[in-house]
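One structure is given below, encoded as structure tokens.
The values are calculated or read from the model by the stated rules, or taken from the named source; none is laboratory data. Quick caveat, the model's predicted, so the values are computed rather than measured. Cβ: placed from backbone, ideal geometry, glycine included. Neighbour counts: every protein chain shown. When the accessible area is computed, the model is the full protein with side chains, heavy atoms only, and any ligands, DNA or RNA have been set aside. Shrake-Rupley method; radii C 1.70, N 1.55, O 1.52, S 1.80 Å.
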Amino acid sequence: MGNCFFCKMANGEIPTNTVYEDDDVRVILDINPVNPGHCLVIPKTHAANIYEIEPEILSKAMAVAQKIAVKVKKATGCDGINILQNNEEAAGQTVFHFHIHVIPRKKDDKAFTYKTISMTDEEFINIKNIITEGD
Ligand code: 5GP
Ligand code: ZN
């Protein structure tokens, strides 16, 4: 993807605050962090989102996210960590090159949460059938 700036950052063509790099991924500090130590795990090959990424690269990126979570936890003394991965605009994706957020959290930082809904038993069965249809 010639035009993708995350491709350029992942491959070292644009300077970044890199905290980890290997043959497949680069991990950088997010420029607009939720808290200090907020990292992005960025594969070096382009895929827009979870629907398109090669499972092998996804596994490698997630294994690195685990390594970084442990390191960030130790380094920052945070109280918790969110692993976040957004797909499509409706879900909050703003950069259309797959990446995994590693977000340190402090107790009561109220950085973000999500609202839940109630569903009836019938609605659960209905949505389960829709998702598993054709398996
Ligand atoms: P998304 O909303 O797509 O899941 O996440 C995109 C993330 O990339 C955001 O958290 C945003 O702050 C970060 N970001 C966008 N542009 C840059 C940049 O040029 N450098 C760095 N380090 N992070 C960026
Ligand atoms: Zn890209």
Would you point out which residue out of M1, M9 is part of a loop (DSSP other than H, G, I, E, B) and either touching a Cys at 6+ places or on another chain (Cβ under 9 Å) or at pLDDT 95 or above (or both)?
M1
Being surrounded by fewer than 19 Cβ atoms within 10 Å (Cβ to Cβ), modelled with pLDDT of 95 or more and either of a type in the set (F, W, Y) or touching a strand residue (DSSP E or B) at 6+ places or on another chain (Cβ under 6 Å) (or both): is that true of N35 here?
yes
Selected residue (criterion: farthest from ligand 2 (Cβ to nearest atom)) from residues of segment 1-50 that are in contact with a helix residue (DSSP H, G or I) (Cβ under 6 Å, 6 or more places away or on another chain) and of a type in the set (A, V, I, L, M)
V27
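Let's see how each residue does on (1) in contact with a Cys (Cβ under 8 Å, 6 or more places away or on another chain); (2) open to solvent by 90 Å² or more (accessible area, probe 1.4 Å); (3) closer than 26 Å to T113 by Cα; (4) of a type in the set (D, E):
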{"position": "E21", "(1), (2), (3), (4)": "no, yes, no, yes"}
{"position": "I28", "(1), (2), (3), (4)": "yes, no, yes, no"}
{"position": "I50", "(1), (2), (3), (4)": "no, no, yes, no"}
{"position": "I68", "(1), (2), (3), (4)": "yes, no, yes, no"}
{"position": "D79", "(1), (2), (3), (4)": "no, yes, yes, yes"}
{"position": "I83", "(1), (2), (3), (4)": "no, no, yes, no"}
{"position": "T94", "(1), (2), (3), (4)": "no, yes, yes, no"}
Please determine whether any residue of segment 41-49 is outside any strand (DSSP E or B) and within 12 Å of ligand 1 (Cβ to nearest atom).
yes
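Quick one: which of K60, K107, K44 is more than 16 Å from the chain's Cα centre (by Cα) and either over 16 Å from V27 (Cβ atoms) or not β-branched (V, I, T) (or both)?
After applying the criteria, what remains is K107.
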